[in-house]
Each structure stands twice: as C-alpha cells, then as structure tokens.
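Q: Take a look at this one; I'll ask things after.
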Amino acid sequence: MRTELVSEPGDPHRPNEDFAGVGVPAYGQGGCVVLLDGVTPPRDGTGCPHSVPWFTARLGGALTELTVSERDLTLPEILRRALERTAAAHADTCDLSHPRTPQATVVLARWSAEAVEYLVLSDSTLLVRAPDGTVTPLLDDRLARLPRSALATDALIDANLRNREGGFFTAAADPSVAARAVTGTLPRARVTALTALTDGAARWTETFREGDWTALFDLVAKEGAAALVRRVREREAADREERAFLRRSKTHDDASVVYVEL
C-alpha cells in the first residue's frame, strides 16, 4: 500500500483549518482515510471561544480512532459518536446552537479485504479509481446545486440553508447530521486507489477547469499530491487581480490531498 498526504494552509500566517490523516490498524488488512475542511468563521463570532483548528483536530482525532478500532460500527455511526464526543468537550463553555459553531466538511473512507466504505458530507471530494482506470467522484453536491442568489450573504446562508432541509449540511455539534451524509460500499476488487480532496485542492478541477477528475487523479498518482497543490497555487496567483475564476472567494484556501493505492 502506498499513501501520500499533503496539507497546506492558504495563508502561512494563519493556522490550517483542515485535518487529514491515514489510519492503518496493527491487525489484519485494511485502513482508513479521514479528511476535514474546517469552515472559516465570520468576523462576528461563533458563540464559541475555541478555534476551527481546535474543532477539526478533536473531531478528526475521534474519527480516526473510531474508524480504525470500531470495525463493527458503520461510518454514519462513527461520525455520530465522534460528533457527540467533540460536542461534549465544549458543551459547558460554548453556545453549540449557534449556526456558526465550529464545523467542518467530512470525507471518510475505510477499506478491508472485502469492501471499501465511504462517507462524504458537504463539499470535500472523494475519488475512487477502478482496475480499468475509470475514476468516479463520490460527492455531496447539495451546496453546489443551490442557486447562486441563495448564497449572496453569510447571514442568508446561516438563516436559511446551513444544516437545514433544502440547504446543505456540515459536521458541527448536532450528531443527527451523520444521517445526512452521502454513504455507500464498493467491492474491494473494484477499487485500486483513492484520492480525498478539500475544496481548496479540488479548485484545479472545479474552479480553474484545468482538467477533469481523471486528469486530477492522474496528476496526483504520477507527480504527487504536492504537485497538485503547487499548480492550484499558481492558478490562484494568476487570478489574484482579474478574479475571472475566484470572484468572491478568497485567493488562497487551505488545500489538503490524501492519496492511497490499495
């Protein structure tokens, strides 16, 4: 098995809000990928003194431990337990009902000799490659399907769309959101490699249109995860003034890539 992981902050003077990890148990065959993209909070606060990196570190750590050790639990059950554990760590000091309480997107993948299980919540991406080279994106596209007018302001998003039916869902304090994730199981024989991406790395395909998901997968497999992030940074820098692609988005975003050959 070959694994590779790169996680780079969008701003070297600010902490990286992503979490990325690979877990390989000491027993038997199998392993897991855990990838979180922390949601950058608004300037007017979150009802919580803890930072987004504090949240993603604790949620990511709980997900890694549970995914590796609790093989009898489904991935939604693991996400639910990890959210319960993380919420309990700051329930006494924070307003966890605040719409911007620390939160994150989630990608989980777990494999054994028989199967590859996956869970995707919000706009991070999991790509799987089949033995014939076909690359399939496993996506939670609810945010992408919302009309642009609905995303005009953060206040509108928080009031009407965030963690609401008809909108989109992120992992925050409510463990019931685990049931909203996109999940599935593939036969192990149908998967030769995985690539997990936060949206900062997926910009190469989704924003800059430099290549489709297959081209992105080939780039990571042949040149490495760092090569993808480097190319994203080059395109971001070229668009800094013109804003032909990024428009309202920040120029540089945290970018994380996890690549696994099974």
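Q: Working only within segment 97-114, note down all residues that are of a type outside the set (S, T, N, Q) and over 21 Å from the mean Cα position of the chain (by Cα).
A: His98, Ala113, Glu114
Q: Every residue in segment 142-189 that is under 25 Å from Thr74 (Cβ atoms), part of a loop (DSSP other than H, G, I, E, B) and not β-branched (Val, Ile, Thr), please.
A: Within segment 142-189, Arg142, Leu143, Asn163, Arg164, Glu165, Gly167, Phe169, Ala172, Ala173, Asp174, Ala181 meet the criteria.
Q: Taking interchain pairs and intrachain pairs at least six residues apart, which have beta carbon atoms under 8 angstrom, with the first residue in segment 125-147 and more than 13 Å from Val191 (Cβ to Cβ) and the second among the aromatic types (Phe, Trp, Tyr) and in a loop (DSSP other than H, G, I, E, B)?
A: Qualifying pairs under 8 Å: Asp140/Phe169; Arg142/Phe169.
Q: Restricting to segment 17-48, and then to whatever is among the polar types (S, T, N, Q) and either under 20 Å from Ala173 (Cα atoms) or under 13 Å from the mean Cα position of the chain (by Cα) (or both), can you tell me which residue is surrounded by the most Cβ atoms within 10 Å (Cβ to Cβ)?
A: Thr46
Q: Next up: So for segment 195-212 (the condition being closer than 27 Å to Pro102 by Cβ, of a type outside the set (Ser, Thr, Tyr) and surrounded by fewer than 15 Cβ atoms within 10 Å (Cβ to Cβ)), does at least one residue qualify?
A: no
Q: Against the condition assigned to a strand (DSSP E or B), in contact with a strand residue (DSSP E or B) (Cβ under 7 Å, 6 or more places away or on another chain) and not basic (Lys, Arg), how does Pro76 come out, does it pass? Steps first, answer last, please.
A: Details: assigned to a strand (DSSP E or B): no; in contact with a strand residue (DSSP E or B) (Cβ under 7 Å, 6 or more places away or on another chain): yes; not basic (Lys, Arg): yes.
Judged against the criteria, Pro76 is not a match.
Q: Being buried (at least 17 other Cβ atoms within 10 Å of the Cβ) and under 29 Å from Ala130 (Cα atoms) is true for just one of Ala181, Ala144, Ala173. Which residue is that?
A: After applying the criteria, what remains is Ala181.
Q: Please pick out the residue among Val260, Val232 that is of a type in the set (A, V, I, L, M), more than 24 Å from Asp11 (Cα to Cα) and at pLDDT 95 or above.
A: Val260
Q: Let me ask you something else. Just to be sure before I move on: is Thr93 more than 17 Å from Ala179 (Cα to Cα) and either of a type in the set (Ser, Thr, Tyr) or part of a helix (DSSP H, G or I) (or both) in the structure I sent?
A: yes
Q: For residues that are of a type outside the set (D, E, K, R) and without any contact (Cβ under 8 Å) to a residue 24 or more places away in the chain, scanning just segment 213-248, find the one that is surrounded by the fewest Cβ atoms within 10 Å (Cβ to Cβ). Talk me through it step by step, then tell me what you get.
A: Step one: list which residues in segment 213-248 are of a type outside the set (D, E, K, R), which gives 213-217, 219-221, 224-229, 232, 237-238, 244-246.
Add one more test, that the residue is without any contact (Cβ under 8 Å) to a residue 24 or more places away in the chain, and what stays is 215, 219, 227, 237-238, 244.
Working: Ala215: 12, Leu219: 19, Ala227: 14, Ala237: 11, Ala238: 12, Ala244: 9.
For segment 213-248, the residue satisfying everything is Ala244.
Here's the yes/no breakdown for (1) under 17 Å from the mean Cα position of the chain (by Cα); (2) more than 23 Å from Val6 (Cα to Cα):
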site: Ala155; (1), (2): no, yes
site: Asp158; (1), (2): no, yes
site: Phe169; (1), (2): yes, yes
site: Leu186; (1), (2): no, yes
site: Trp204; (1), (2): yes, no
site: Ser256; (1), (2): yes, no
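Q: Right, another one. Any chance segment 4-14 includes a residue that's in a helix (DSSP H, G or I), out of contact with any strand residue (DSSP E or B) (no Cβ under 7 Å at 6 or more places or on another chain) and within 25 Å of Asp199 (Cα to Cα)? Steps first, answer last, please.
A: In the first step, residues of segment 4-14 are kept if they are in a helix (DSSP H, G or I); the result is none.
No: zero hits.
The values are calculated or read from the model by the stated rules, or taken from the named source; none is laboratory data. Values in this document were obtained by computation on a predicted structure and should not be read as measured data. With ideal geometry, Cβ positions are generated from the backbone for all residues, glycine too; neighbour counts draw on all protein chains shown.
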